[in-house]
Amino acid sequence: MMDIRSLLVASIFAQHVFCFVIETSIENSGLTDAKPLSISAIHGSRFQLSCDVPAESIYTQWSKNGIRISNNESRLSITPDQSLSFSSISKADEGLYECSFEGEEGSRARQWQFHVEVPARIKEFPTSQSVTFGDSVEFSCEAIGDPLPNISWFRDGKQVTNASHYRQFKEFTKSDITFLAVKTENITCRASNMIGDTERISSRSFIMSVYPREPDETKALRGYCSLYNGFICKSHLAGVGFVWFNVSDDKASGLLNEEITKGIWETVLVHTKEPCKSAAEKLLCHYAFPHCRILNGNALSLPLCYEDCIAVRQSLCFNEWSLIEEDKKRGVVIGSRGHFRLPQCETLPRVDDVDENGHPKCSHAGLTKIKKDQVTKTCLRGNGRFYLGEANITKQGIPCQSWNSQSPHSHNRPPPVFEEMKDAKNYCRNPGGEEPKPWCYTMDPIVRWQHCDIPYCPDAVPGLSPDIRMLPIDSAMTPAMTLLLSGVGCGALLFLFLVFVVFWRFSKQRRNGYHHPIVEMNQLDIDVDKLTDNVAYHPMGSLVDSRLERLEYPRNDIPVFQVSNQLNYP
């Protein structure tokens with residue numbers, strides 16, 4: 001019994017010694033590939049490393065960074081073919097892996113430098129919040145990934161450029177951005193990186209709700225004078241000199257009015273038609289960035305002029321202004337208006353008002369001024385706004401009513417602010433350019449107003465306003481109808497041309513008779529000597545009535561030959 005136990009113990013001891021010898025020989029004297037193979041896999045995916053162990057190998061071992069891998073680890077397993085299988089890859093699996101085995105050619109080893117790529121994922125992001133109009137609000141966004149992701153910001157789907165502070169750390173990326181709260185917007189933080197050839201994107205969105213801040217009437221406004229260097233009002237403020245920048249809100253840095261103007265421009269004016277659109281844009285820019293004057297070392301802003309305000313409210317934008325006033329009564333206001341308010345025109349200074357030093361008291365937008373280089377008196381240029389002639393009869397021959405008369409038609413338009421209405425009497429005018437051509441109220445009690453029939457200047461192109469009041473037949477002439485009528489007209493012209501061509505060819509044949517194609521005699525296989533004489537034919541020199549001669553077919557031109565049926569002549 002002791003012998004059996006002794007043999008068993010000796011056998012187990014010998015097996016352990018054998019394994020130890022093999023392991024030692026693999027680790028110390030085996031052949032290893034010269035350079036590890038670099039491979040990568042995506043975080044969270046399944047993956048397998050194949051060792052390609054020869055069938056005759058008697059021992060295989062896996063290690064990571066020199067530490068042996070056992071077969072009882074949670075996410076790792078060694079398959080029957082000695083491959084290393086990962087159930088779910090994580091960043092902790094990165095490292096140098098080695099597969100060692102003993103075969104007929106001795107001990108060998110294969111190595112892999114394993115890298116785990118992680119798609120971009122936003123880790124921390126802002127939540128929806130409410131802010132006050134004009135506040136500067138800072139947001140932060142953090143994202144992880146390998147490679148480290150890039151972070152970009154979007155406002156209502158439009159990417160924000162050159163406005164964020166961007167930092168990359170060892171394991172994450174952080175981006176800070178500051179927004180000026182002008183209107184309620186959807187803000188998006190987006191992180192992205194490249195995994196192989198594919199861009200991986202992670203994004204989070206939140207709402208920045210902006211509530212209006214009512215202006216503090218007791219607070220003195222502060223600002224400074226400078227040339228306008230913005231973008232939205234560049235075309236309307238060119239050449240006006242210094243304008244006033246409002247810095248009453250320390251966080252605004254003088255740019256608050258630019259943001260408000262842009263918001264109103266994009267939400268309201270973009271849908272407005274001419275002539276209101278251009279006039280409202282110009283008035284808004286002079287309201288947001290008024291003319292500036294230095295008085296006793298202080299920068300003063302000049303309010304709008306009465307004439308410009310009245311021209312927009314009572315003429316150029318009469319309907320649009322009225323709708324805003326009606327909405328205001330119902331508590332509906334423009335969301336992007338900020339601290340902007342509709343001006344009270346009656347409280348504004350006039351264009352001619354000056355201070356004790358002769359300086360103007362208001363910011364004149366020039367909506368009521370005459371452009372002297374466009375003045376005409378006998379013909380029209382464009383829509384004839386600056387026609388100052390003495391035509392006083394409408395296109396139907398009706399005399400014009402005097403502009404300062406309320407009979408036979410009472411009226412309050414146009415307002416008496418346009419320079420072209422000075423001494424207008426009963427002449428045809430187009431104040432403010434509201435109509436496509438000059439007009440007047442008529443002396444006919446039935447016809448309230450009508451355009452005047454004034455010719456255009458020879459070098460002028462008729463200027464049609466996009467807001468023309470069309471007659472019924474004009475309203476029917478849509479682009480589709482115009483295209484249809486053009487097609488019908490082209491078809492009719494083509495049909496007449498074809499009829500003409502057919503008629504011309506038919507007339508030509510009747511006039512010249514039938515002409516057989518000329519065939520050279522040497523091309524015909526005909527024995528001329530066998531042709532019978534034609535006693536009815538006479539030489540061309542015979543005396544025949546010339547009128548009959550012209551109608552006779554020249555018989556020398558008739559070849560007699562056989563095509564498919566034989567032709568016999570008597």
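The values are calculated or read from the model by the stated rules, or taken from the named source; none is laboratory data. Here the structure is a predicted model, which is why all the values come from computation and not from measurement. A quick note on method: Cβ atoms are made from the backbone with ideal geometry, for glycine too, and the neighbour counts reach across all protein chains shown. Please note that ligands, DNA and RNA were not included when accessible areas were found on the heavy atoms of the full protein model with its side chains. Shrake-Rupley method; radii C 1.70, N 1.55, O 1.52, S 1.80 Å.
See the values below:
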quantity	calculated
Residues of type lysines that LYS437 reaches as a straight line, Cα spacing below 16 Å, ignoring anything fewer than 8 places off in the same chain	LYS377, LYS395
Label-reachable residues, segment 138-180, where backbone N falls under 19 Å from a point 7 Å from SER38's Cα toward its Cβ	146-149
Efficiency of FRET between LYS170 and ARG341 - r from beta-carbon atoms, R0 60 angstrom, step 0.05	0.70
Spacing of the two label points (7 Å from each Cα toward its C-beta) at ILE67 and ILE324, in nm	7.2 nm
For segment 277-285, Karplus couplings with θ = phi - 60° (6.51, -1.76, 1.60), whole Hz, Gly/Pro x	4, 5, 5, 5, 4, 5, 5, 4, 5
Portion, in percent, of the accessible area of segment 327-405 that falls on carbon or sulfur, probe 1.4 Å	48 percent
Qualifying lysines (Cα of each under 20 Å from Cα of LYS234; at least 8 residues distant if same chain)	LYS262, LYS277, LYS282
Nonlocal amide H pairs with THR376, under 5 Å, H built at 1.01 Å	TYR387, LEU388
Rounded Å value of the spacing that divides the Cα centres of segment 370-400 and segment 177-205	57 Å
Residue-wise HN-Hα coupling along segment 380-392, computed from phi with Karplus coefficients 6.51, -1.76, 1.60 (Hz; x: Gly, Pro)	10, 10, x, 8, x, 4, 9, 6, 10, x, 10, 5, 9
Segment 32-109, accessible area per residue, ligands and nucleic acids excluded (1.4 Å, Å²)	57 Å²
Residue-normalised accessible area of segment 256-336, expressed per residue, 1.4 Å probe, Å²	47 Å²
Reciprocal mean inverse distance between Cα atoms of segment 378-423 - Kirkwood radius, Å	12.3 Å
